[in-house]
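One structure below.
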Amino acid sequence: GVNEAGFLPIGDRVLVLPDGAADQTSGSVYIPEEMQERMAMAAETGILVATGEGAWYWNSDRTRRYEGVKPAEGQRIRFERYAGAVHHGPDGRIYRVMDDKCVAGLCTAQSTPKRGVRVAAE
């Protein structure tokens, strides 16, 4: 995909489009916008939109070169709850800017989001 966030991370930072909260429950009860934002901040999965040039260069304690799997832009990832800073993109979406060490891993095809979660468009 194309980065429409109006933001390019630098250093070891990454830009993530987290999965959003659904606007209504399975029983068709509408969820207030403020509660949707809180639920979105608690998201733990999303799409990796962009990476800084130093992302996954060092290991998590920054003592030696990282040699593991490096997520690519466009892949679904799992990250720490409440990680990073919020960035409101010009496209109306809410993104999160975080350190690469906040990313826990890749989501596999078998992974499914919890009920009431709106999956970020890839």
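How would Ile77, Ile10 line up by accessible area, probe 1.4 Å, largest first?
Values: Ile77 0, Ile10 125 Å².
Greatest to least solvent exposure: Ile10, Ile77.
Just subtract the alpha-carbon distance of Tyr57 and Arg38 from 0.36 nm times their residue separation and send over the number in nm, one decimal.
Net length gain for the segment: 3.6 nm.
Before I look further, what does the chain give for accessible area per residue, probe 1.4 Å, in whole square angstrom?
On the way: 7750 Å² over 122 residues.
Counting only protein heavy atoms, the per-residue value for the chain is 63 Å².
Choose one answer from Arg96, Arg78, Arg65: the residue with the largest mean-square fluctuation in a GNM of the chain with alpha-carbon springs under 10 Å.
Among Arg96, Arg78, Arg65, the largest GNM mean-square fluctuation belongs to Arg65.
Quick one: if you stick a label point 7 Å off each Cα along the C-beta vector at Asn3 and Ile94, how many nm between them?
2.2
Using a/c under 1.5 as the rounded threshold, could you call segment 20-70 rounded, prolate or oblate? The axes a ≥ b ≥ c are square roots of the C-alpha gyration tensor eigenvalues, and prolate needs a/b larger than b/c, oblate otherwise.
On the way: a/c = 3.88, a/b = 3.68, b/c = 1.06.
It is prolate, given that a/c is not under 1.5 and a/b is the larger ratio.
So how much slack lies between Val29 and Arg65, counting 0.36 nm per residue of separation and subtracting their Cα-Cα distance, in nm?
Taking Val29 through Arg65 to full extension adds about 8.0 nm, to one decimal.
Using a 1.4 angstrom probe on the protein heavy atoms only, could you order Val2, Val49, Val14 from most to least accessible area? Intermediate values should be presented prior to the final figure.
Details: Val2 120, Val49 30, Val14 0 Å².
Output order, biggest surface exposure first: Val2, Val49, Val14.
Which percent of the accessible heavy-atom area of segment 1-74 goes to carbon and sulfur, probe 1.4 angstrom? Intermediate values should be presented prior to the final figure.
On the way: 2380 of 4570 Å².
Answer for segment 1-74: carbon and sulfur cover 52 percent of the accessible area.
Which whole-number percent gives the relative contact order of the chain, counting Cα pairs below 8 Å spaced six or more residues apart?
Details: 243 pairs, mean separation 42.8, N = 122.
Over the chain, the number comes to 35 percent.
The values are calculated or read from the model by the stated rules, or taken from the named source; none is laboratory data. All values derive from a computational prediction rather than experimental measurement. Neighbour counts are summed over all protein chains in view; Cβ atoms, including those assigned to glycine, are modelled from backbone coordinates with ideal geometry. Only protein heavy atoms, including side chains, enter the accessible area calculation; ligands, DNA and RNA are left aside. Shrake-Rupley method; radii C 1.70, N 1.55, O 1.52, S 1.80 Å.
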